[in-house]
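Working notes, structure below.
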Amino acid sequence: MASTFSLRRRIPYFLLVFIVSSAAETAADGVGASAFSSNLQFPATQAEKLIKSLNLFPKHGANIHTGGESDRGASPIVEKPVRFPFLADSEPSVTDLGHHAGYYRLPHTKDARMFYFFFESRSSKAEPVVIWLTGGPGCSSELALFFENGPFQVTSNLSLTWNDFGWDKVSNLIYVDQPTGTGFSYSSDNKDIRHTEEEVSNDLYDFLQAFFKEHPQFQKNDFYITGESYAGHYIPAFAARVHQGNKAKQGLHINLKGFAIGNGLTNPAIQYKAYADYALDMELIQQSDYNSLAKPVADCENAAKLCGADGGSPCLSAYNVCNRIFNRIVGLRPGINYYDIRKQCEGDLCYDLSNIEEFLNLKSVKDALGVGDIDFVSCSSTVYEAMAEDWMRNLEVGIPAMLEDGIKLLVYAGEYDLICNWLGNSRWVHAMAWSGQKRFAAAATAPFTVDGAEAGEQKGFGPLTFLKMHDAGHMVPMDQPKASLEMLRRWMQGNLTQLSR
């Protein structure tokens, strides 16, 4: 059971999923789900608050743009080697590494181009290929690249330094800006903005097919899908699409070995119910406050049941109703940083990622990347709103079939994140029905140690592993860079837990 992971520490750091406005709580009190079936202003408010909380100020709601560097040539992929300005010569030298940036022309769209980075491993080209997806929905993966687990970090003076714990130390690492309209990805047609996981996962699958055709030397490498936050939706859908394509012998075989979800939103019906328990356990609220949340929790449970696999207005209603729980808790603790409950936000500002936005909009940087005059959209409010009916869908449903076929899943969570807390993630993992469910539940919890010190608690059976990371909030690779790199390395090598069957 989830309780095997102790709540023994008090109050650590961050990013991306749903920021809920306190004003929406007042509007929602005492109102049934049907009253919100057409309330599209709530997602818009959420998106604006998300962007402000990170000190980001994108010029556009989404990248709707005509023309660009990617129009050159007939190939669906246009890629160039990258050497960033403002990076001092050092070891390793970028001239000795394969760093690439490019655009892929998405085939099942009017005119969409997906932007990506590809960093060949600092260790060996034989290392696994890992793709990273940032959440939001609608936030660029460059936020993770430069703030969490990429090869570089942006300094206060807009120069770059090497990240000693970049995930390219143990993998060949891909970052993509998706869905369309996010980051440097763009289209000239609003109809290319995505609304469902099916659209998102098909675009990503098409990209992978083209990527491995462009880089055939990596096609047989092990392949892993990773990400965090709202990517708890993207990742299972994408993994299932790759697995489906492999089984149907569609296109190139992609050597999918596993997928990892960090502080994700995967099964909302279970995770929203865990808010009150987590807040009480962490002494964010009192018992009387907890008791007052009983009705909002029940309302959420009922609303979530009406959200089916196809989304639609019942899912939007559930989104509004269920967020009342989170609003109440945050309202009782004004200023708390819900990404890391040890910290306080200063007004709207919870984290300052403005250096990344400023750096990527420099002309010299855009020239190095080959993006032309396209502005970097750090987080897209348009994409966020477009995915509103997808929010409350349960993406756990496709995972058991992959576990049964031996595809590995790692779910990890920083212990001090409220918004996608470890307790809710542990509960949906334990509740998931598959052949190893009982044996996973019965598995012993063991310390996850790095350099002889306990960095977390883990348990696993067969292809499934859950890990609670100590001293971390929503962005585990940022808070615990060395431990998260070691987690990835051991997991890919099959050494994270004793994977007995």
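Of all residues in segment 442-456, those that are closer than 12 Å to M487 by Cα have Cβ atoms under 9 Å from Cβ atoms of residues that are modelled with pLDDT of 95 or more and of a type in the set (F, W, Y), 6 or more apart or on another chain, in A455/F448; G456/Y412; G456/F448. Could you check, for segment 233-246, whether at least one of its residues is outside any helix (DSSP H, G or I) and either surrounded by 19 or more Cβ atoms within 10 Å (Cβ to Cβ) or modelled with pLDDT of 95 or more (or both)? No; the residues of segment 233-246 include none that is outside any helix (DSSP H, G or I) and either surrounded by 19 or more Cβ atoms within 10 Å (Cβ to Cβ) or modelled with pLDDT of 95 or more (or both).
From V429, V371, grab the single residue that is closer than 26 Å to F146 by Cα, out of contact with any Cys (no Cβ under 8 Å at 6 or more places or on another chain) and crowded, with 20+ Cβ neighbours inside 10 Å.
Values: V429 fails: closer than 26 Å to F146 by Cα.
Of V429, V371, the one residue that is closer than 26 Å to F146 by Cα, out of contact with any Cys (no Cβ under 8 Å at 6 or more places or on another chain) and crowded, with 20+ Cβ neighbours inside 10 Å is V371.
The set of residues from segment 342-396 being of a type in the set (D, E) and under 30 Å from Y272 (Cα atoms) comprises E346, D348, D352, E385, E389, D390, E396. When we screen S288, S313, S317 for residues that are modelled with pLDDT of 95 or more, over 21 Å from the mean Cα position of the chain (by Cα) and not aromatic (F, W, Y), the only hit is S288. In this structure, G227 does not satisfy being at pLDDT below 95, touching a helix residue (DSSP H, G or I) at 6+ places or on another chain (Cβ under 8 Å), crowded, with 24+ Cβ neighbours inside 10 Å and of a type in the set (G, A, S).
Looking at segment 341-350, can you tell me whether even one residue there is closer than 24 Å to C379 by Cβ, at pLDDT below 95, surrounded by 20 or more Cβ atoms within 10 Å (Cβ to Cβ) and under 23 Å from the mean Cα position of the chain (by Cα)? Among the residues of segment 341-350, at least one is closer than 24 Å to C379 by Cβ, at pLDDT below 95, surrounded by 20 or more Cβ atoms within 10 Å (Cβ to Cβ) and under 23 Å from the mean Cα position of the chain (by Cα), which makes the answer yes. Have a look at L423, L418, L496 and point out the one that is aliphatic (A, V, I, L, M) and at pLDDT below 95. Going through L423, L418, L496 in turn, the sole match is L496. Residues in segment 162-201 that are touching a strand residue (DSSP E or B) at 6+ places or on another chain (Cβ under 8 Å), outside any loop (DSSP other than H, G, I, E, B) and modelled with pLDDT under 95: W162, G183, Y186, S187, N190.
Within segment 157-202, restricting attention to residues that are among the acidic types (D, E) and within 14 Å of I131 (Cα to Cα), which residue is surrounded by the most Cβ atoms within 10 Å (Cβ to Cβ)? Even if it seems obvious, please write down each step before you answer.
Restricting attention to segment 157-202, the residues satisfying the condition of being among the acidic types (D, E) are 164, 168, 177, 189, 192, 197-199.
Add one more test, that the residue is within 14 Å of I131 (Cα to Cα), and what stays is 168, 177.
On the way: D168: 24, D177: 27.
So the residue we want is D177.
Of G456, G462, G473, all but one fail to be surrounded by fewer than 24 Cβ atoms within 10 Å (Cβ to Cβ) and of a type in the set (G, A, S); the exception is G462.
Working only within segment 394-407, note down all residues that are under 19 Å from S313 (Cα atoms) and either touching a helix residue (DSSP H, G or I) at 6+ places or on another chain (Cβ under 6 Å) or small (G, A, S) (or both).
Residues of segment 394-407 under 19 Å from S313 (Cα atoms): 394-395.
Of everything in segment 394-407, just one residue is under 19 Å from S313 (Cα atoms) and either touching a helix residue (DSSP H, G or I) at 6+ places or on another chain (Cβ under 6 Å) or small (G, A, S) (or both), namely L395.
Taking the criterion of being surrounded by 18 or more Cβ atoms within 10 Å (Cβ to Cβ), part of a helix (DSSP H, G or I) and modelled with pLDDT of 55 or more, would at least one residue in segment 59-69 satisfy it? Among the residues of segment 59-69, not one is surrounded by 18 or more Cβ atoms within 10 Å (Cβ to Cβ), part of a helix (DSSP H, G or I) and modelled with pLDDT of 55 or more, which makes the answer no.
Within segment 283-300, the presence of at least one residue that is surrounded by 21 or more Cβ atoms within 10 Å (Cβ to Cβ) and outside any loop (DSSP other than H, G, I, E, B) is confirmed.
The values are calculated or read from the model by the stated rules, or taken from the named source; none is laboratory data. Remember, predicted model here, so these are calculated numbers, not experimental data. As a convention, Cβ positions derive from the backbone with ideal geometry for all residues, glycine included, and neighbour counts pool all protein chains shown.
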